[in-house]
Each structure stands twice: as C-alpha cells, then as structure tokens.
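Notes follow the structure.
The values are calculated or read from the model by the stated rules, or taken from the named source; none is laboratory data. These numbers come from a predicted model, not from an experiment. Cβ coordinates were reconstructed from backbone atoms using ideal geometry, including for glycine residues, and neighbour counts include every protein chain displayed.
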Amino acid sequence: MLRRDIIEAAGKKQNILFPIFTNGTYMNERYFDLFDKCRNLVPIMSIEGSKEITDARRGKGIYDKLISNMDEFKKRGLIFGASVTVTTENYKEVCSDEFLSELSARGCKAVIFVEYVPVTEESEDLAPDDAQREYLQEQLTRLRAERPEMVYISFPGDEKSSGGCVAAGRGFFHINSHGGAEPCPFSPYSDINVRSSSLREAMHSPLFTALRSGDILLDDHEGGCVLYEKRDLVEALIAQHSAR
Ligand code: SF4
C-alpha cells in the first residue's frame, strides 16, 4: 500500500485478479475509490482473531481500523478477504464459528490461513505442531462443507493436495522489496535480482534450478514448511553458487 504506483498499474490489468495483502492501516478514501474503480484488485486484510488477539500482535486500534475498512468495502459492494496467521495461540479461535460468522457478516469472501513459520528458533513455540495443523485441516474440510459463502485456503497446509512445496517457480516465487527473487516469503534467500534480470531469467537462477531439479520440494518433512525445515540446505546451495 506504500507503493500506490504499483497498485494502480495492477488495476489497469483488468483481466488479472490481484489479491493485495495488507495490514489495512494505509486504507483511505483514495484507496477505497481505487478499489471501487478497479474491481480486479481484491484487498486481503490481516486479522488474527478477536480484537484482543489482533491488537496484541498488531498494535492497539488495529482491529477497529480493520472493521471500519470492512464496513466501507461492504457499503461499496466490494469483495475483500482476510488473512490470518495461525499460531499455537489462536488456531482454535480462528476456525471458530463465532469468528468466521463475524467476518462473513461484514462481507468477507475469502479467508487465507497462513500457518506461522518461524524465521528464528526463538519463535518456534508459535508454530502449530502436527496435531494442531491436522485440526486446522479438519476444520477447513468442515468449513468448506458448512460455510460455502466464503473460500478457505491454508498455506502451507493445502500444498499437500498440490503435490508438495510450490516455491522456487514450481508454482510461484517471491520478489522482495529490494528486487531479490526468493523461493518463497518463508524462504528468504536470493541469488538473483529482477532489477537486472528478466522474470524468466529469475525463474532459472542457479538456486531455483537446484531446488526444482532435486527432490527437495517434494521431500517428506516435519512441520508445515519444507524449505524452513531444510534451510541449512538452501543456505549451502546459495553459498555453493555464489562461490563459483
Ligand atoms: S517454502 Fe514452505 S511455505 Fe513456501 S511454498 Fe514451500 S512449503 Fe510452502
């Protein structure tokens, strides 16, 4: 949302749907007008559950700002979604009928459950364990049957049904704010920058090619994210290629 120029450029590609992930704090009258005009831009706002949990993670007043954004979207008849980080602390609440009824009543049409993937070992206690991830998947199956008014996606949980990790250009890749092409936001390593290469070249960077050509992306692993689990290997690949 800090780069309105990019969002305006996306708005002009009316045959492509762009989900725009945002914490919602930069939503203002001008943005509401832009989303109103460009219906291919779909805001996906981060929310963590109740007001208490959302404000505890994101700051005081954030929940109320999100609710007022939702009310404005609904008033204008605009589609929007919610993105929820699922942790050991909120995994039950965010699957509850109470939370989802509230989102649905406010006009939300999609809920994206992003399982917490730690970046450092100190925060590993927030990452859902196997039983909790299984609970999430069971709830998703229930919600899809009982509450079809919204679309539910879980990440990385749903990757099992797409045959494993879809990072490194197998399904998508991520470009960071400096232009570095990374396998996935959860695997923030890069050996090529799209400021000096094309997207096609980035797709075939040594790191991406090595990740796709081995069995790494399809390997069995513990926890939700294979490339977090195998981060030592990704770091070794980066070191190996930059040493050449
Ligand atoms: S790196 Fe992790 S989160 Fe990203 S696509 Fe692969 S398994 Fe999913």
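Residues that are in contact (Cβ under 8 Å) with a residue 12 or more places away in the chain, hydrophobic (A, V, I, L, M, F, W, C) and more than 21 Å from Val151 (Cα to Cα) number at least 2 in the following helices (runs of 4 or more DSSP H) confined to segment 1-67: 4-12, 29-37.
If you go through segment 184-212 and pick out every residue that is of a type outside the set (Phe, Trp, Tyr) and touching a strand residue (DSSP E or B) at 6+ places or on another chain (Cβ under 7 Å), you end up with 9. The residues in segment 86-98 that are under 20 Å from Ala56 (Cβ atoms) and either assigned to a loop (DSSP other than H, G, I, E, B) or in contact with a Lys or Arg (Cβ under 9 Å, 6 or more places away or on another chain) (or both) can be counted, and the count is 9. Checking segment 189-196 against the condition returns no match, with no residue being closer than 30 Å to Glu134 by Cα and near the ligand (Cβ under 10 Å from one of its atoms). Exactly one residue among Ser101, Ser83 is assigned to a helix (DSSP H, G or I), modelled with pLDDT of 95 or more and not aliphatic (A, V, I, L, M), and that residue is Ser101.
Contact map, segment 188-213: residues that are loosely packed, with under 15 Cβ neighbours inside 10 Å paired with residues that are in a loop (DSSP other than H, G, I, E, B), Cβ distance under 6 Å, separation 6+ or inter-chain. Pairs shown: Arg195/Gly179. Among the residues making up segment 122-157, those that are closer than 15 Å to Phe99 by Cα, in contact with a Leu (Cβ under 9 Å, 6 or more places away or on another chain) and not in a helix (DSSP H, G or I) are Arg147, Met150, Tyr152. The criterion of being surrounded by fewer than 21 Cβ atoms within 10 Å (Cβ to Cβ) and of a type in the set (A, V, I, L, M) does not hold for Ala82. Taken over segment 212-233, the criterion of being more than 9 Å from the ligand (Cβ to nearest atom) and not in a loop (DSSP other than H, G, I, E, B) is satisfied by Arg212, Ser213, Ile216, Leu218, Arg231, Asp232, Leu233. Scanning segment 147-180 for residues that are among the hydrophobic types (A, V, I, L, M, F, W, C), farther than 21 Å from Gln137 by Cα and away from the ligand (no atom under 12 Å from the Cβ) returns a single hit, Ile175.
Annotation note: of Thr120, Thr88, the sole residue that is over 30 Å from Leu2 (Cα atoms), away from the ligand (no atom under 12 Å from the Cβ) and among the hydroxyl-bearing types (Ser, Thr, Tyr) is Thr88.
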